[in-house]
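To keep things clear, I will list the structure first and then write my remarks on it.
All of the numbers you see were taken from the coordinates with simple rules; none came from a lab. Note that the structure is a prediction, hence the values are computed from the model and not measured. When we count neighbours, we look across all protein chains shown, and the Cβ atoms used for this are built from the backbone with ideal geometry, even at glycine.
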C-alpha cells in the first residue's frame, strides 16, 4: 500500500507533463511499473492513484446496481475522463488537457500526498479548500479522530 504525504510545488510544461516529486515516486509499489490512474476530483482538483488502489475503488463503483438512477449518475461522473498514465524514466507523466482545464491548472500545481492517493491542485484554488481557522481544524480532529467519539 502506498504512503503518500507532504505538499510540493510542481511545474507543468507546455505539453502538460508534470514530474512526480521524488519522495512520492519512492513510495510507488515496484509492481506497478509506473502506471497511475488520474481522475477528476470531487473538488476542482485531480486525483492520482496507483493502479492497485484504483482497482479497489473501480470495483466498488462499477459494482453498483445499474438499474438505480442515482448509482448510474455516480458511475457516469466518477468514470468520465479517468485516464491511465505512465511515468517516464525521469518520473514525468502527461496530464490530458481536459483534466488540466477541469482543475484550472496552468503552469504550476500544488501536489499533496493524501495517504493512498495524490491530489493535484491549481495553487489559488487549493487555498480556498484549506481550513484557515485553527479552532475549526481542532474541532474536526476531535470529532473524527478522538477514540472517545467513535
Q. In the stretch 4-24, how many are surrounded by fewer than 16 Cβ atoms within 10 Å (Cβ to Cβ) and under 14 Å from the mean Cα position of the chain (by Cα)?
A. 3
**Q.** Residues satisfying the stated conditions in the stretch 58-81, i.e. closer than 30 Å to residue 25 by Cα and touching a helix residue (DSSP H, G or I) at 6+ places or on another chain (Cβ under 8 Å)
**A.** 61, 62, 75, 78, 79, 81
